[in-house]
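The values are calculated or read from the model by the stated rules, or taken from the named source; none is laboratory data. Computed from a predicted structure; not experimentally measured. Cβ sites come from the backbone with ideal geometry, for glycine too, and all protein chains shown count toward neighbours.
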C-alpha cells in the first residue's frame with residue numbers, strides 16, 4: 001500500500017505547473033500593496049471610464065504605477081518602468097491620456113491592454129507592460145503584486 005501512495009504522490013507533484021508565463025528579464029517582480037480611496041480628490045479621475053493616473057509613491061512598483069478605469073467595474077494597473085530595458089534614468093514612462101510613452105526610445109503602450117503600440121519588426125523580443133493585480137472593494141481599489 002505505501003508504494004501505491006508514493007506513486008500517486010509522485011504523479012501529483014509532477015502534474016503541478018509552476019509556469020506563470022514568460023518572465024520579463026528587465027523588470028524585477030516586487031511585492032507591494034497599495035489602496036486607492038476613490039473618495040479622495042487625488043484619485044477622483046479614476047471614477048470616470050478611460051481615465052488614467054500615475055502613482056509615484058515609493059515602494060509601489062519599480063518606478064511607480066499607472067492605473068486606469070478600463071471598464072464600468074474594472075481597473076487595470078501597470079508598472080511605470082518601460083518593460084523593454086533595465087530601469088534607468090530615462091525609463092519612467094510618461095502618461096498621455098490612455099498611452100504611456102518611454103522617453104528612452106519613444107516606445108508607446110496602450111493602458112487599456114498593456115500592449116506595445118507599433119512594435120518594431122526587427123526580430124528582437126519586445127515585452128508588453130508588466131501588469132499588477134487590481135481589485136475594487138466598495139470605494140477602494142487595491143493594487144498588489
Restricting the search to the range 85-110, which residues are part of a loop (DSSP other than H, G, I, E, B), surrounded by fewer than 17 Cβ atoms within 10 Å (Cβ to Cβ), free of Cβ contacts under 8 Å to residues at least 24 places away in the same chain and out of contact with any strand residue (DSSP E or B) (no Cβ under 7 Å at 6 or more places or on another chain)? 88, 89, 90, 104, 105, 106
Checklist (1) out of contact with any helix residue (DSSP H, G or I) (no Cβ under 6 Å at 6 or more places or on another chain); (2) surrounded by 10 or more Cβ atoms within 10 Å (Cβ to Cβ); (3) at pLDDT 90 or above applied to residue 10, failing item: (3)
Of the residues in the range 113-125 that are outside any strand (DSSP E or B) and at pLDDT 95 or above, the one that is farthest from residue 46 (Cα to Cα) is 115
